[in-house]
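What follows is a single structure, written as structure tokens, with notes after it.
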Amino acid sequence: MPRKAKVKDNPDLVKDTTSQAVINTNTSALLNRRAQISAMQSKDAELTQIKNDIKELQALVKKLGKG
């Protein structure tokens, strides 16, 4: 009996008959998703940095107002 079987109606998926795991064999989709996650993480890091910069600027403006 073959260890992997094709999933009906989806050529990118195969099923491991031993562990019953469904495996996506579409590597380009995986690479695209990883790139998308990386881009989201970069945007999140940039947004966090901008928020920190704004807090720092607010603190400086408050100090100037007291002086």
| said: Just to confirm a number: summing +1 for Lys and Arg and -1 for Asp and Glu over residues other than ASP16 whose beta-carbon lies under 13 angstrom from that of ASP16, what do you get? | reply: +4
| said: What does the extension gain come out to for THR48 and ARG33, with contour length at 0.36 nm per residue minus their alpha carbon separation? | reply: 3.1 nm
| task | Would you mind checking the tilt of helix 27-66 against the longest principal axis of the Cα atoms of the chain, expressed as 0 to 90 degrees and rounded to 10? | result | 10
| note | Count of lysine pairs, the chain, Cα-Cα under 22 Å, sep. 8 or more residues or interchain, comes to 8
| message | I need the trypsin sites (Lys or Arg not before Pro) found in region 1-44, filtered to DSSP loop residues with at most 15 other beta carbons within 10 Å of theirs. | response | ARG3, LYS8
| message | Below 8 Å between Cα atoms, with a sequence gap of 6+, how large is the relative contact order for the chain in percent? | response | 15
| Environment charge of GLN36, counting only residues whose C-beta is closer than 14 Å and scoring Lys/Arg +1, Asp/Glu -1 | +2
| Linear extension gain, ASN26 paired with GLU56, 0.36 nm per residue minus alpha-carbon span | 6.2 nm
| field | Accessible carbon and sulfur surface of the chain relative to its total accessible area, %, 1.4 Å | value | 57
| Accessible area in square angstrom per residue, the chain, 1.4 angstrom probe | 92
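The values are calculated or read from the model by the stated rules, or taken from the named source; none is laboratory data. The shown structure was predicted, so the numbers you read here are calculated from the model rather than taken from an experiment. Positions of Cβ are backbone-derived with ideal geometry, glycine not excepted, and every protein chain shown enters the neighbour counts. We work out accessible area using only protein heavy atoms, side chains counted, and drop any ligands, DNA or RNA first. Shrake-Rupley method; radii C 1.70, N 1.55, O 1.52, S 1.80 Å.
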